[in-house]
Amino acid sequence: MTFHSFAAKLLPLVCALLIGGSLWAAPKRLATAKPGQCKACHGAKSALPKDHADTKGLAMADCRGCHEKGSSTDLTGKLPLMHTHQLKGVTCAQCHGKGKPQAVDKDKCLTCHALKEVSEKTAKMKPQNPHESPHGYQEDCNLCHHQHAKSENFCVTCHAFTFNVP
């Protein structure tokens with residue numbers, strides 16, 4: 001079993017314990033769900049705190065009103081990227097295609113995320129810019145950035161680098 005498959009199986013349990021200490025089934029992925037239709041994927045158990053504002057019709061810019069980058073409520077690395085994409089108006093079909101969903105490779109990611117710009121955003125990360133790895137791992141965005149599970153710092157497989165991976 002690879003680390004990635006182990007982590008993917010462990011993630012729902014860890015999330016359940018962090019969210020409320022109760023076990024819940026992993027959410028089913030419903031490609032047609034819109035922001036605010038949390039129950040479409042998460043079921044009757046709310047994925048948000050009781051006092052959270054209604055998210056129906058919100059975009060990521062609206063979320064940033066309370067969850068500002070760098071603040072104590074920053075969602076970076078805490079929100080699955082599929083939520084971030086959805087809140088920015090990106091549909092499942094735009095990345096996965098229509099019909100049976102296809103795996104997304106780096107070329108598809110680079111249609112929106114220019115590698116040069118991404119690398120410039122992380123240029124000051126110490127001790128190494130993760131998007132300029134001497135090992136060539138930047139060839140597969142999915143090693144770190146997961147859409148349907150919590151992203152992870154692939155570098156820690158061998159190194160003690162502490163990157164916050166969105």
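Summed over the range 64-94, the residues that are on the phi < 0 side of the Ramachandran plot and either outside any helix (DSSP H, G or I) or free of Cβ contacts under 8 Å to residues at least 24 places away in the same chain (or both) give a count of 20.
Residues in the range 94-116 that are surrounded by 12 or more Cβ atoms within 10 Å (Cβ to Cβ) and at pLDDT 80 or above: 12 in all. Among the conditions (1) surrounded by 16 or more Cβ atoms within 10 Å (Cβ to Cβ); (2) part of a loop (DSSP other than H, G, I, E, B); (3) at pLDDT below 75; (4) not small (Gly, Ala, Ser), LEU30 misses just one, which is (1).
Considering every residue within the range 147-166, establish whether at least one is crowded, with 16+ Cβ neighbours inside 10 Å, at pLDDT 85 or above and in contact with a Leu (Cβ under 7 Å, 6 or more places away or on another chain). Within the range 147-166, one or more residues are crowded, with 16+ Cβ neighbours inside 10 Å, at pLDDT 85 or above and in contact with a Leu (Cβ under 7 Å, 6 or more places away or on another chain). Restricting the search to the range 125-166, which residues are of a type in the set (D, E, K, R), farther than 21 Å from ALA114 by Cβ and in contact (Cβ under 8 Å) with a residue 24 or more places away in the chain? Within the range 125-166, LYS150, GLU152 meet the criteria.
Yes/no per residue for (1) modelled with pLDDT of 75 or more; (2) in contact with a Ser or Thr (Cβ under 6 Å, 6 or more places away or on another chain); (3) assigned to a loop (DSSP other than H, G, I, E, B); (4) of a type in the set (Asp, Glu):
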{"position": "LYS39", "(1), (2), (3), (4)": "yes, no, no, no"}
{"position": "ALA47", "(1), (2), (3), (4)": "yes, no, yes, no"}
{"position": "ASP51", "(1), (2), (3), (4)": "yes, no, yes, yes"}
{"position": "THR55", "(1), (2), (3), (4)": "yes, no, yes, no"}
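Filtered by the rule that a residue be part of a helix (DSSP H, G or I) and over 22 Å from THR32 (Cα atoms), the range 96-129 gives LYS106, ASP107, LEU115, LYS116, GLU117, VAL118, SER119, GLU120, LYS121. The one condition from (1) surrounded by 11 or more Cβ atoms within 10 Å (Cβ to Cβ); (2) modelled with pLDDT of 80 or more that PRO134 does not meet is (1). In the range 137-146, of all residues being assigned to a helix (DSSP H, G or I) and in contact with a Lys or Arg (Cβ under 7 Å, 6 or more places away or on another chain), the one that is surrounded by the most Cβ atoms within 10 Å (Cβ to Cβ) corresponds to CYS141.
Checked against the criterion of being surrounded by fewer than 14 Cβ atoms within 10 Å (Cβ to Cβ), out of contact with any strand residue (DSSP E or B) (no Cβ under 6 Å at 6 or more places or on another chain) and under 19 Å from VAL165 (Cβ atoms), the candidates LYS78, LYS88 yield just one match: LYS88.
The values are calculated or read from the model by the stated rules, or taken from the named source; none is laboratory data. These numbers were taken from a predicted model, which means no experiment stands behind them. As a convention, Cβ positions derive from the backbone with ideal geometry for all residues, glycine included, and neighbour counts pool all protein chains shown.
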